[in-house]
Amino acid sequence: MNKNRHIADRIKAAKARRRLKAEDYVKGILAGDRVMLGRAITLIESTRSEDRVKANEVVEKCLPKAGNSFRLGITGVPGVGKSTFIESLGLKLIDQGHKVAVLAVDPTSGVTGGSILGDKTRMEKLSTRDEAFIRPSPAGDSLGGVARHTREVITLCEAAGYDRILVETVGVGQSETAVHSMTDFFLLLLLPGGGDELQGIKRGIVEMADMIAINKSDLHLDAAKQAKRSYRNAVHLFPPKRSGWTVPTVLCSGIKGEGLDTILKHTAEYVSTTEESGYFRTHRQGQALHWFEETIEMGLSRLFREHPKVSQLLEDLKKDVQEGKRTPFSAADELLQAFS
């Protein structure tokens, strides 16, 4: 019964999206309509070709009103308390007069393909504030643990007037560094643990961090102080950052709201320093080019796999490669020849 109702609701929502024009979405977004913003994001996440055309038009028309925000990427080891920390930080930012959008990228359910963590249920106080917008999105199979269209969603949120964008990623891993390519500042949350934990952290994640925060420090203060010293010493071993920024290591407690003022002070210093040097602007320009090239590659991959001759040969060639009848290189060359 509930399943049938859910399917009916999805069909109804899809029909409603098709009735709306791009101008309708843009008008609602620019007016700060959170419902319309949510519907526009659903449009962006749609795999239907006609929805994709409309979504591109919406993003393009919102682009002139975007860009006036501070984009903060937040990642951390599982259990570090990202959602609690983000809720406390979001409430603090709202108290300072900001509008906050939280783009929380959930692990994808293998059964439904949807988000399985439900960040709105874990940010109850923040989700009730008119100045906040929280959007959980399934990460799917996109590289980086960041939903494929998060970059476009950031544009829509900025056009809707949100001047602080917080991007929560799934957790620390090799591909997690993709968040660095779409945010201005990369915050790595860690637990008290010191040197032993440092061995389990991917070096690339630590190198990309603009700040390291030891969360839940109120529970294990001595261990947190030791961890702070260990991470502070570790980051000094890495090459200097292109931004010229010296990575601070701080203690905090998301559940108690401790250390948030210090974190916001450091982020403000970062913006001031990098805007003065010109790095802030060039970094964003580089990110735009990166996603331009990424989108081309994703599009070419899709066109390649959808090509009639390629799709006809693909499964047989994969089987031949698995059974050792063909080398991966000769099989790939045959597919590329078929595509050309």
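The values are calculated or read from the model by the stated rules, or taken from the named source; none is laboratory data. This one's a predicted model, so the numbers in the text were calculated from it and none came from an experiment. Note that each Cβ is placed from the backbone with ideal geometry, even for glycine, and that neighbours are counted across all protein chains shown.
Residues checked against (1) farther than 22 Å from LEU166 by Cα; (2) in contact (Cβ under 8 Å) with a residue 24 or more places away in the chain:
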{"site": "SER272", "(1), (2)": "no, no"}
{"site": "GLU275", "(1), (2)": "no, no"}
{"site": "TYR279", "(1), (2)": "no, yes"}
{"site": "GLN285", "(1), (2)": "no, no"}
{"site": "HIS290", "(1), (2)": "no, yes"}
{"site": "THR295", "(1), (2)": "yes, no"}
{"site": "MET298", "(1), (2)": "yes, yes"}
{"site": "PHE304", "(1), (2)": "yes, yes"}
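Only residues that are of a type in the set (A, V, I, L, M) and under 13 Å from ARG151 (Cβ atoms): list them for region 41-63, please. Correct list: ILE41, ILE44, ALA55, VAL59, LEU63.
Taking region 157-174 as the range and being modelled with pLDDT of 95 or more and either assigned to a helix (DSSP H, G or I) or over 26 Å from GLY67 (Cβ atoms) (or both) as the test, the residues that pass are CYS157, GLU158, ALA159. Looking only at residues of region 297-311 that are surrounded by 11 or more Cβ atoms within 10 Å (Cβ to Cβ) and not hydrophobic (A, V, I, L, M, F, W, C), we find that the one that is farthest from ASN56 (Cα to Cα) is LYS309. Quick one: would you say GLU294 is surrounded by fewer than 12 Cβ atoms within 10 Å (Cβ to Cβ), in contact with a helix residue (DSSP H, G or I) (Cβ under 9 Å, 6 or more places away or on another chain) and not in a loop (DSSP other than H, G, I, E, B)? Criteria not met by GLU294.
Please enumerate the residues belonging to region 22-75 that are in contact with a strand residue (DSSP E or B) (Cβ under 8 Å, 6 or more places away or on another chain) and assigned to a helix (DSSP H, G or I). Within region 22-75, ARG34, LEU37, GLY38, ILE41, GLU45 meet the criteria.
Being surrounded by fewer than 16 Cβ atoms within 10 Å (Cβ to Cβ) and assigned to a loop (DSSP other than H, G, I, E, B) is the requirement here; does LYS325 meet it? Yes; evaluated as a whole, the condition is true for this residue.
Kindly indicate which of VAL247, VAL206 is at pLDDT below 85 and touching a helix residue (DSSP H, G or I) at 6+ places or on another chain (Cβ under 8 Å).
Working: VAL247 fails: at pLDDT below 85.
Just one listed residue meets the conditions, VAL206.
Residues in region 232-265 that are under 16 Å from LYS82 (Cα atoms) and charged (D, E, K, R): LYS256, GLU258.
Counting the residues of region 79-124 that are more than 20 Å from ILE212 (Cβ to Cβ), modelled with pLDDT under 95, in a helix (DSSP H, G or I) and among the charged types (D, E, K, R) gives 4.
In region 207-235, the residues that are in contact (Cβ under 8 Å) with a residue 40 or more places away in the chain form Cβ pairs under 7 Å with partners that are outside any loop (DSSP other than H, G, I, E, B) and polar (S, T, N, Q), at six or more places apart or across chains, as follows: ASN215/SER253; LYS216/SER253; SER217/SER253; ASP218/SER253; TYR231/THR249. Every listed requirement among (1) out of contact with any Ser or Thr (no Cβ under 6 Å at 6 or more places or on another chain); (2) assigned by TED's automatic domain parsing to the domain that holds LEU187; (3) of a type outside the set (Phe, Trp, Tyr); (4) assigned to a helix (DSSP H, G or I) is met by PRO240 save one, (4).
In this structure, is HIS266 more than 30 Å from LYS92 (Cα to Cα) and either in contact with a Cys (Cβ under 6 Å, 6 or more places away or on another chain) or assigned by TED's automatic domain parsing to the domain that holds GLY90 (or both)? Working first, answer last.
Numbers: more than 30 Å from LYS92 (Cα to Cα): no; either in contact with a Cys (Cβ under 6 Å, 6 or more places away or on another chain) or assigned by TED's automatic domain parsing to the domain that holds GLY90 (or both): yes.
No: the conditions fail for HIS266.
Could you tell me which residue of region 125-145 is nearest to ASN56 (Cα to Cα), considering only residues that are surrounded by 21 or more Cβ atoms within 10 Å (Cβ to Cβ), at pLDDT 60 or above and in contact with a Ser or Thr (Cβ under 8 Å, 6 or more places away or on another chain)? Across region 125-145, the extreme among qualifying residues is SER137.
Screening ILE255 with (1) surrounded by fewer than 16 Cβ atoms within 10 Å (Cβ to Cβ); (2) touching a residue at least 60 places away in the same chain (Cβ under 8 Å); (3) closer than 24 Å to LEU188 by Cβ; (4) outside the structural domain of GLN96 (by TED's automatic domain parsing) gives one miss only, at (4).
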